[in-house]
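Before any comments, here is the structure.
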Amino acid sequence: MNVAAAPNAVYDALVNAKTLAAVTGAAATGAARVGGRFTAWDGYILGVHKALVPGKRIVQEWTTTEWPEGARPSTLELTLETAKDGTELRMVHSDVPASQAAAYRQGWIDYYWTPLQKYFSKKGRT
């Protein structure tokens, strides 16, 4: 996905709780450091930052309040690269419970990627 903003701005929007809340319109908490725990979407998403390379890479361990009991956390890996018109953002979300995979595929579009595009389309947010 292409985002009309610099990689460092996109990175901040995805790991800084205050900026993430502004992007999604839902409460987010946490520390943007390796080992730091975070929540998003009013506590629906729970996770831990496993690797953070500012402006380049984010790896998180990730679950939700709807995760089946006993299911292990998923791994979310986001890579950011400078592109002609901003940032090329790539995502791999592995180990999502099979019963929820389709819903999460659409959820990423509806609750993250569309709001992220909208956030950066506003003047002055690059």
Cα pair distances of region 2-121 binned at 5 Å [whole percent] = 2, 12, 21, 27, 22, 11, 3, 1, 0
Label-point separation (nm) for residue 83 and residue 121, each offset 7 Å from Cα along Cα-to-Cβ?
-> 1.5 nm
When the Karplus curve 6.51 cos²θ - 1.76 cosθ + 1.60 is applied with θ = phi - 60°, which whole-Hz ³J(HN,Hα) does each residue of region 34-45 get, with x for Gly and Pro?
-> 4, x, x, 8, 8, 10, 9, 6, 6, x, 5, 9
Dipole size in debye (nearest 20) for the chain around its Cα centre, Lys and Arg Cβ +1, Asp and Glu Cβ -1?
-> 460 debye
Listed by chain and number, the residues whose amide H is under 5 Å from that of residue 5, excluding neighbours fewer than 5 places away on the same chain and using placed H, are 87
Peptides ranked, highest mean first, by Cβ atoms within 10 Å: ranges 82-94, 29-41 | 29-41, 82-94
For residue 84, list the aspartates and glutamates whose Cα falls under 20 Å from its own Cα; do not include residues on the same chain fewer than 8 positions away.
-> 12
In a GNM of the chain with a 10 Å cut-off on Cα contacts, which of 81, 69, 61 has the highest mean-square fluctuation?
-> 69
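Every read-out reported here was derived from the displayed coordinates using simple, explicitly stated rules and does not represent laboratory data. Here the structure is a predicted model, which means the values were calculated and not measured. Ideal geometry is used to build each Cβ from the backbone, glycine not excepted, and the neighbour counts take in all protein chains shown.
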